[in-house]
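A.B. asks: Would you mind keeping the following structure in view while I ask a few things?
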Amino acid sequence: MEKERAYLQDLSRRTGLVLLYHGLFGRVPSDLEQGLHNVSPEALYQQLEAIGRFFRFVTIDEYCLSADRVGLATVTSDDGYRCVIEEGLPVFEALDVPAALFVNRAFVSGGVFWRDKVRFLINRDLVQAFEQEHGQGLVRASGQGFYRYTKDFRNNSRQVETALDRFFTDHDIQPDLKQAYVSQGELVGHHPLLCFGSHTVSHYVLASLSAEEQAHQIEDNLGFLRSQNGLTVTDVLSVPFGERQDYNCATVALAAEIGHS
């Protein structure tokens, strides 16, 4: 613990922190258990409490607009899992920590996250069956497993999801996961510590899409959020997956043109 405190104290004197969470389940659903990035509410409390001793937590907008981010920290969460509000918000309240939730219209409106479809296959031991029936056309680098190559930018994410859906249809499978996400109605009654931001419509790998497909993903999701009455919306765009190969020059240009900061 002393080493951790010393490390955080030193870090707070040199830089700022952006903390990114996904699932905050106390108990991860069995169909998502393998492959989901999850931090329990108890671990979340411990992390934020420790960081808060040396950093000052601010909103995502205050962080991004600050000329000097040293000693500042901001909390974000991607993908719109309901547990962030049901199990994470009590932690944010207890520690008075603001948070930005980056959501996707497709899941908020009743769809199932395509990466959760991937996790469903993994947890149900159906990967081999999918690969034999619908996976032959997907690019796969040497050593890449199913989880990795399905989000490789060389595979168009929309086409990957179409293949997943065809497999489910062929086998009369309906992943029961819709309850895992925040619904559109729940966005209205948001908490003053929370703001919302865009994570694109469908969470596809933007670099895998055409410029026209990217524009739809970026513009429609931001427009959806801005149309929700009384919702505090940040102009910051959270790029799905977020690594350098997951977006391109077209992404940056389109995001700025559409109104993201």
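We did not get these values from a lab; they are worked out from the coordinates using the rules stated. These figures come from a predicted structure and were not determined experimentally. Ideal geometry is used to build each Cβ from the backbone, glycine not excepted, and the neighbour counts take in all protein chains shown.
A.B. asks: Step through the residues of the stretch 154-167 one at a time and calculate ³J(HN,Hα) from phi using the Karplus curve (6.51 cos²θ - 1.76 cosθ + 1.60, θ = phi - 60°), rounding each to whole Hz and writing x for Gly and Pro.
C.D. replies: 6, 9, 4, 4, 4, 6, 5, 5, 4, 5, 4, 5, 5, 4
A.B. asks: Which lysines have a Cα lying under 27 Å from the Cα of LYS117, excluding residues fewer than 8 positions away in the same chain?
C.D. replies: By straight Cα distance, LYS117 reaches LYS151, LYS178.
A.B. asks: Show me the ranking of peptides 158-167, 108-117, 5-14 by mean Cβ neighbours inside 10 Å, starting with the highest.
C.D. replies: Sorting 158-167, 108-117, 5-14 by mean packing, highest first, produces 108-117, 158-167, 5-14.
A.B. asks: Note down, for the stretch 29-69, the three equivalent ellipsoid semi-axes (square root of 5 times each alpha carbon gyration tensor eigenvalue), biggest first, whole angstrom.
C.D. replies: Semi-axes, largest first: 29, 15, 7 Å.
A.B. asks: Normalized C-alpha radius of gyration of the stretch 65-125, against 2.2 N^0.38 Å?
C.D. replies: Against the empirical 2.2 N^0.38 Å value, I get 1.49 for the stretch 65-125.
A.B. asks: Tally Lys/Arg at +1 and Asp/Glu at -1 over every other residue whose Cβ is under 12 Å from the Cβ of HIS171; what's the total?
C.D. replies: -2
A.B. asks: Using Cα pairs under 8 angstrom and six or more residues apart, how large is the relative contact order of the stretch 173-261, in percent?
C.D. replies: 35 percent
A.B. asks: Also, quick follow-up: For SER261, what charge total do you get from the other residues with a beta carbon under 11 Å from its beta carbon, if Lys and Arg give +1 and Asp and Glu give -1?
C.D. replies: Computed value for this residue: -2.
A.B. asks: Could you tell me how far the Cα centroid of the stretch 61-97 sits from the Cα centroid of the stretch 14-33, in Å?
C.D. replies: Each part reduced to its Cα centre gives a spacing of 12 Å.
A.B. asks: To test your reading of the geometry: what angle, between 0 and 90 degrees and rounded to tens, separates the Cα axis of helix 114-123 from the longest principal axis of the chain?
C.D. replies: The angle comes out at about 70 degrees.
A.B. asks: Also, I was wondering about something else. Tell me the mean residue ellipticity at 222 nm calculated for the chain from its helices only (DSSP H runs of n ≥ 4, each -39500 (n - 2.57), averaged over every residue, nearest 500).
C.D. replies: After summing the helix terms and dividing by residue count, I get -11500 deg cm²/dmol.
A.B. asks: For the stretch 112-182 and the stretch 202-254, what is the centre-to-centre distance using only Cα atoms, to the nearest Å?
C.D. replies: Centre-to-centre (Cα) distance: 22 Å.
A.B. asks: Here's something else I'd like to know. For the stretch 114-170, count all C-alpha to C-alpha pairs, find those more than 13 Å apart, and express that count as a whole percent of the total.
C.D. replies: 56 percent
A.B. asks: Right, here's the next one. Can you give the Kirkwood hydrodynamic radius of the stretch 68-195 from its Cα pairs, in Å with one decimal?
C.D. replies: Taking the inverse mean of 1/r over all distinct Cα pairs, the stretch 68-195 comes out at 16.8 Å.
A.B. asks: Can you put SER227, SER202 in order of Cβ neighbours within 10 angstrom, beginning with the fewest?
C.D. replies: With the fewest neighbours first, SER227, SER202 line up as SER227, SER202.
A.B. asks: Relative contact order, percent, of the stretch 114-170 when contacts are C-alpha pairs under 8 Å separated by at least 6 residues?
C.D. replies: For the stretch 114-170, the relative contact order is 39 percent.
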